[in-house]
1. Report whether or not Thr204 is within 20 Å of Trp17 (Cα to Cα) and open to solvent by less than 60 Å² (accessible area, probe 1.4 Å).
2. Within the range 11-27, is there a residue that is of a type outside the set (D, E, K, R) and assigned to a loop (DSSP other than H, G, I, E, B)?
3. Of the residues Val175, Val162, Val169, which is touching a residue at least 12 places away in the same chain (Cβ under 8 Å), under 16 Å from the mean Cα position of the chain (by Cα) and not in a helix (DSSP H, G or I)?
4. Can you tell me which condition Met232 does not meet? The list is (1) open to solvent by 30 Å² or more (accessible area, probe 1.4 Å); (2) modelled with pLDDT under 95, and all the others hold.
5. Of (1) of a type in the set (Asp, Glu); (2) modelled with pLDDT of 90 or more; (3) surrounded by 13 or more Cβ atoms within 10 Å (Cβ to Cβ), Glu97 satisfies all except one. Which?
6. Mind counting the residues in the range 254-294 that are within 14 Å of Ala43 (Cβ to Cβ) and either among the acidic types (Asp, Glu) or open to solvent by 20 Å² or more (accessible area, probe 1.4 Å) (or both)?
7. Phe185 versus (1) over 22 Å from Phe37 (Cα atoms); (2) assigned to a loop (DSSP other than H, G, I, E, B); (3) at pLDDT 95 or above: which is the lone unmet condition?
8. Given the criterion assigned to a strand (DSSP E or B), under 22 Å from Ala35 (Cα atoms) and hydrophobic (A, V, I, L, M, F, W, C), identify the matching residue among Ala203, Ala149.
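The values are calculated or read from the model by the stated rules, or taken from the named source; none is laboratory data. Keep in mind it's a predicted model, so treat the numbers as computed, not measured. Cβ atoms come from the backbone with ideal geometry, glycine included; neighbour counts cover every protein chain shown. We work out accessible area using only protein heavy atoms, side chains counted, and drop any ligands, DNA or RNA first. Shrake-Rupley method; radii C 1.70, N 1.55, O 1.52, S 1.80 Å.
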Amino acid sequence: MSRALVLGGGGPVGIAWEAGLLAGLAEGGVAAAQADFITGTSAGSVVGALIAMGRPPGEIAGPIIAEADRPRPIPQQVAEDRPGGPNMMLLFQKMQEAAAGVRDPAEVRREIGAFSLEAKTVDEAAFIGGFGRQLAEAGEGAWPGHAYACTAVDCETGEFVVWNAEAKVSLSRAVASSCSVPGVFPAITINGRKYMDGGMRSATNADLAKDYSKALVIAVRLAGGELGERMMQPLERELRVIRDAGGEVELITPDEASMEAFGANLMNPRNRPASAKAGLEQGRKAAEELTRFWG
């Protein structure tokens, strides 16, 4: 039996929730970090890299929960009212257009890439440096010994790329590229090309797990009702790819308490402690049922 863990995007808040969720699952005996393959997109690329390097989920979630005692300032680049910020509604519209398949998704991603390259953001080196601190124990240019991959999109061609050990690129640059939300963070230079958030292809890219007999998919979502269902349609197609290849799938999305903890802005670091704590509780509750699936 082969197992894959898929971690979706969701900004700094998503990182917190996923870390808490995995910690809660681990407490209940579900060692999701022991998957044969770990793949992450955007927020999921950070959590996935850390657990692939052997960091216990509780050690990732614990410091985030502790941030409640010392609230982090909201960085200017993610503030909702920042002066001179790009029109993020344009990004959301383009993302929905690509997901709907009305036009060639690669063409839409190229337009998003142009938006990314034109935006005024923080310095690329400074952005990468933030990931470098978190991933420093891997060593510059190194990759986790565990089978790990993260996703990105070429800004100019719209091509979807998967970074893994065979790609022979810096782990911190690969993760930074996967987290490069267009208009918010800088596109990342790798081998002379510019790359942006892998979420521009899909928030989860769960179909990368199609060759595994079991896939645990963790996906962040903000909305319920009709909007939430529309946002879930691309993921449902990806899960179908896994099932059609003979794999079993378990999907975890935020429960009501977690969605309330998220707030309206997944980029707001002040919502991280509550989101990590909500994820921890959700993981604890889900562990017993998942034990039968995960083994």
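1. Details: within 20 Å of Trp17 (Cα to Cα): yes; open to solvent by less than 60 Å² (accessible area, probe 1.4 Å): yes.
In short, yes.
2. We begin by selecting, within the range 11-27, every residue of a type outside the set (D, E, K, R); these are 11-17, 19-26.
From what is left, the residues that are assigned to a loop (DSSP other than H, G, I, E, B) are none.
No, because not a single residue in the range 11-27 is of a type outside the set (D, E, K, R) and assigned to a loop (DSSP other than H, G, I, E, B).
3. Details: Val175 fails: not in a helix (DSSP H, G or I); Val169 fails: under 16 Å from the mean Cα position of the chain (by Cα).
Within the list Val175, Val162, Val169, the selection yields Val162.
4. (1)
5. (2)
6. 6
7. (3)
8. Details: Ala203 fails: assigned to a strand (DSSP E or B).
Selected residue: Ala149, the only one of Ala203, Ala149 that is assigned to a strand (DSSP E or B), under 22 Å from Ala35 (Cα atoms) and hydrophobic (A, V, I, L, M, F, W, C).
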